[in-house]
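The values are calculated or read from the model by the stated rules, or taken from the named source; none is laboratory data. Because the structure is a prediction, the values reported are computed rather than measured. Positions of Cβ are generated from backbone atoms using ideal geometry, with glycine treated the same way; all protein chains shown enter the neighbour counts.
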There are 2 protein chains.
Amino acid sequence: MNKPLTAIDNCSSCPIRHRAVCARCDDDELVELNGIKFYKSYSAGQTIAMRGDALDVVASVVSGTATLERAIEDGRTQLVGLLLPSDFIGRPGRATLQYDVTAVTDVTLCCFYRKPFEALLVRIPHVQERMLEMALDELDAARDWMLLLGRKTAREKIASFLMLIAKRTVHPDGRVLGNTSRIELPISREAMANFLGLTIETVSRQFTGLRKDGVIELDGNRSVIVPDLETLLLESGDDSDGGPLI
Amino acid sequence: MNKPLTAIDNCSSCPIRHRAVCARCDDDELVELNGIKFYKSYSAGQTIAMRGDALDVVASVVSGTATLERAIEDGRTQLVGLLLPSDFIGRPGRATLQYDVTAVTDVTLCCFYRKPFEALLVRIPHVQERMLEMALDELDAARDWMLLLGRKTAREKIASFLMLIAKRTVHPDGRVLGNTSRIELPISREAMANFLGLTIETVSRQFTGLRKDGVIELDGNRSVIVPDLETLLLESGDDSDGGPLI
DNA sequence: CGACCTATTGATACGTATCAACCCGAGTGG
DNA sequence: CCACTCGGGTTGATACGTATCAATAGGTCG
């Protein structure tokens with residue numbers, strides 16, 4: 001499913017070249033990054049790292065989907081990040097990982113050892129600028145997610161989640177709204193439940209409810225057809241005047 | 001209640017000198033910051049800025065408490081940030097504000113016009129480094145908050161909130177746990193409810209419950225005495241092995 | 001003193017969790 | 001080729017936690 005590594009071992013042909021931490025780098029800087037990067041792949045279901053692990057490596061997601069989650073002892077789990085291609089894993093300046101990272105599909109990472117990467121942050125301001133921009137974007141996303149978790153109903157949560165995936169998936173230059181669209185769900189019902197602060201049963205019931213009301217159609221477990229994205233947006237409880245998210 | 005502006009108009013005597021965006025600056029850089037900063041004060045209850053406003057100014061909280069919140073049309077509101085001294089308001093590179101910002105106590109801000117501040121970010125890497133560090137800290141805090149909102153019970157939410165305030169309030173060098181402590185609540189029951197994804201009535205009931213169980217004592221509406229912080233920590237549902245947050 | 005705001009307490013409703021059964025497609029092995 | 005099992009998903013009955021609606025209490029200010 002993933003491109004073989006050989007196809008992307010040169011940064012200039014990398015699929016996340018223009019969205020990841022390296023987005024602003026010029027050719028010279030890219031050469032430097034290229035020199036210290038290495039790829040690592042994980043198969044679906046595999047644990048990439050666990051809370052408390054030493055954080056020796058930071059990485060960008062090149063392909064596939066991973067999750068960031070936080071758990072309490074009694075088993076309750078909250079997904080706190082959905083890592084899609086171009087998203088960054090790990091944090092410069094911190095020695096241990098705060099969250100569990102899991103590959104939900106086959107995943108390929110573009111990795112850097114943390115120490116040299118930190119040194120590089122200082123030398124190449126373009127990387128640091130992009131890191132800051134990405135961190136602030138994630139912060140905004142996290143805050144929207146807090147509104148969802150704290151104040152939205154189960155149905156609104158599901159609709160919001162579908163909109164989120166639709167937005168992240170669609171061509172960055174393309175329009176999103178106003179027409180039929182197929183949404184490929186990157187995660188299972190259980191992961192969705194953990195993302196939305198719900199149980200798997202409630203997630204399932206809300207899918208059924210939205211289907212019966214004609215808002216969505218289901219095509220297998222991992223694919224949703226949305227006849228009218230505007231209707232779905234209304235169900236999500238989000239302001240229409242929210243401004244462009246990407 | 002606040003120090004008069006004249007007492008802090010020199011950066012070197014500023015109370016947030018070592019925690020705000022300027023924390024890593026040397027004396028020369030401080031002079032440059034000093035040259036373009038200006039103070040602005042708001043009284044308790046005042047709106048500092050609203051969602052959609054042009055973001056011409058960015059600022060650090062010097063004293064007082066402000067909130068960042070997100071609302072949906074029907075009145076549901078979620079607090080997405082609690083801004084205490086040294087916290088930063090606004091985002092370089094973005095032209096409009098995403099959240100409503102309100103002063104909950106009298107607040108003094110150290111302001112910069114956004115454009116010159118952005119230029120300064122490029123010139124003074126120390127500021128950008130610190131901005132990145134602070135953004136990542138906030139991201140971690142937001143993720144912890146997502147766990148709270150999505151998975152914790154009302155009682156755990158209240159206990160977690162009290163622990164959060166205790167941690168932010170205590171002397172940065174001082175120990176927190178193991179002894180009696182008085183926590184001054186910076187916000188009203190309503191704001192707490194909006195922070196925790198609860199109603200004001202539930203917040204009140206949980207306070208009563210924790211009081212009846214001897215976990216806390218109430219001294220007026222804005223002050224909580226905690227006989228044993230360890231007990232409160234247990235009530236919060238957080239792992240004890242969570243590592244130091246600050 | 002009365003008006004008002006914030007917080008508390010009470011009665012009840014409602015949404016989601018919980019517990020349990022069932023369905024379905026994919027492997028797997030006889 | 002079919003029976004079996006297994007994991008993920010759906011559906012149903014019921015329980016429980018928190019929201020909602022309503023009344024009361026306490027403090028502050030005019």
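Take B:T47 and decide whether it is surrounded by fewer than 22 Cβ atoms within 10 Å (Cβ to Cβ), β-branched (V, I, T) and within 18 Å of B:L149 (Cβ to Cβ).
Details: surrounded by fewer than 22 Cβ atoms within 10 Å (Cβ to Cβ): yes; β-branched (V, I, T): yes; within 18 Å of B:L149 (Cβ to Cβ): no.
No: the conditions fail for B:T47.
Looking at region B:7-31, which of the residues that are part of a helix (DSSP H, G or I) and either within 14 Å of chain A (Cβ to nearest Cβ) or among the hydrophobic types (A, V, I, L, M, F, W, C) (or both) is farthest from DNA strand D (Cβ to nearest atom)? Talk me through it step by step, then tell me what you get.
Looking only at region B:7-31, we keep the residues that are part of a helix (DSSP H, G or I), and these are B:7-8, B:11-13, B:27-31.
After this cut, where a residue has to be either within 14 Å of chain A (Cβ to nearest Cβ) or among the hydrophobic types (A, V, I, L, M, F, W, C) (or both) as well, the list is B:7-8, B:11, B:30-31.
Numbers: B:A7: 25, B:I8: 27, B:C11: 35, B:L30: 39, B:V31: 42 Å.
Filtering region B:7-31 for residues that are part of a helix (DSSP H, G or I) and either within 14 Å of chain A (Cβ to nearest Cβ) or among the hydrophobic types (A, V, I, L, M, F, W, C) (or both), the one farthest from DNA strand D (Cβ to nearest atom) comes out as B:V31.
Taking the condition of being surrounded by 15 or more Cβ atoms within 10 Å (Cβ to Cβ), within 11 Å of DNA strand C (Cβ to nearest atom), within 17 Å of B:E156 (Cβ to Cβ) and within 14 Å of another protein chain (Cβ to nearest Cβ), how many residues in region B:190-235 meet it?
Final tally of qualifying residues: 4.
List the number of the failed condition for B:K115; all other conditions in (1) away from chain A (no Cβ under 13 Å); (2) out of contact with any Ser or Thr (no Cβ under 7 Å at 6 or more places or on another chain); (3) crowded, with 19+ Cβ neighbours inside 10 Å hold.
(3)
Take B:S181 and decide whether it is more than 14 Å from chain A (Cβ to nearest Cβ), within 16 Å of DNA strand C (Cβ to nearest atom) and not acidic (D, E). Quick ask: steps written out before the conclusion?
Working: more than 14 Å from chain A (Cβ to nearest Cβ): yes; within 16 Å of DNA strand C (Cβ to nearest atom): no; not acidic (D, E): yes.
Answer is no for this residue.
Does B:E73 satisfy the criteria of being acidic (D, E) and farther than 30 Å from B:L185 by Cβ? Before the answer, list the steps.
Details: acidic (D, E): yes; farther than 30 Å from B:L185 by Cβ: no.
No; evaluated as a whole, the condition is false for this residue.
Of all residues in region A:54-82, which are within 12 Å of another protein chain (Cβ to nearest Cβ) and acidic (D, E)?
Residues satisfying the conditions are A:E69, A:E73, A:D74.
Looking at region B:101-124, can you tell me whether even one residue there is assigned to a loop (DSSP other than H, G, I, E, B) and under 30 Å from A:L121 (Cβ atoms)? Give the steps one after another, and end with the answer.
Initial filter on region B:101-124 (assigned to a loop (DSSP other than H, G, I, E, B)): B:104-106, B:124.
Then drop every residue that is not under 30 Å from A:L121 (Cβ atoms), which leaves B:124.
The answer is yes, given that some residue of region B:101-124 is assigned to a loop (DSSP other than H, G, I, E, B) and under 30 Å from A:L121 (Cβ atoms).
Of the numbered conditions (1) under 17 Å from B:P116 (Cβ atoms); (2) more than 19 Å from the chain's Cα centre (by Cα); (3) assigned to a loop (DSSP other than H, G, I, E, B), B:N34 fails exactly one; give the number of that condition.
Condition (3) is where B:N34 drops out.
For region A:83-95, name all the residues that are within 12 Å of chain B (Cβ to nearest Cβ) and assigned to a strand (DSSP E or B).
Narrowing region A:83-95 to residues within 12 Å of chain B (Cβ to nearest Cβ): A:88, A:90-95.
Correct list: A:F88 only.
Among the numbered conditions (1) buried (at least 20 other Cβ atoms within 10 Å of the Cβ); (2) facing another protein chain (nearest Cβ under 7 Å); (3) at pLDDT below 95, tell me where A:P125 comes up short.
Here A:P125 clears every test but (1).
Keeping to region A:130-153, report how many residues are more than 7 Å from every other protein chain (Cβ to nearest Cβ), assigned to a helix (DSSP H, G or I) and buried (at least 22 other Cβ atoms within 10 Å of the Cβ).
1
So B:C14 ticks every box in (1) surrounded by fewer than 17 Cβ atoms within 10 Å (Cβ to Cβ); (2) over 25 Å from A:M146 (Cβ atoms) but one. Which box is left unticked?
All conditions pass for B:C14, except number (1).
Identify the single condition in (1) crowded, with 19+ Cβ neighbours inside 10 Å; (2) touching a residue at least 24 places away in the same chain (Cβ under 8 Å); (3) within 15 Å of the chain's Cα centre (by Cα) that A:L84 does not satisfy, given that it satisfies every other one.
Of (1) crowded, with 19+ Cβ neighbours inside 10 Å; (2) touching a residue at least 24 places away in the same chain (Cβ under 8 Å); (3) within 15 Å of the chain's Cα centre (by Cα), only one is false for A:L84: (1).
Determine whether A:E184 is surrounded by fewer than 14 Cβ atoms within 10 Å (Cβ to Cβ), modelled with pLDDT of 95 or more and either within 16 Å of DNA strand D (Cβ to nearest atom) or among the aliphatic types (A, V, I, L, M) (or both).
Details: surrounded by fewer than 14 Cβ atoms within 10 Å (Cβ to Cβ): yes; modelled with pLDDT of 95 or more: no; either within 16 Å of DNA strand D (Cβ to nearest atom) or among the aliphatic types (A, V, I, L, M) (or both): yes.
No: the conditions fail for A:E184.
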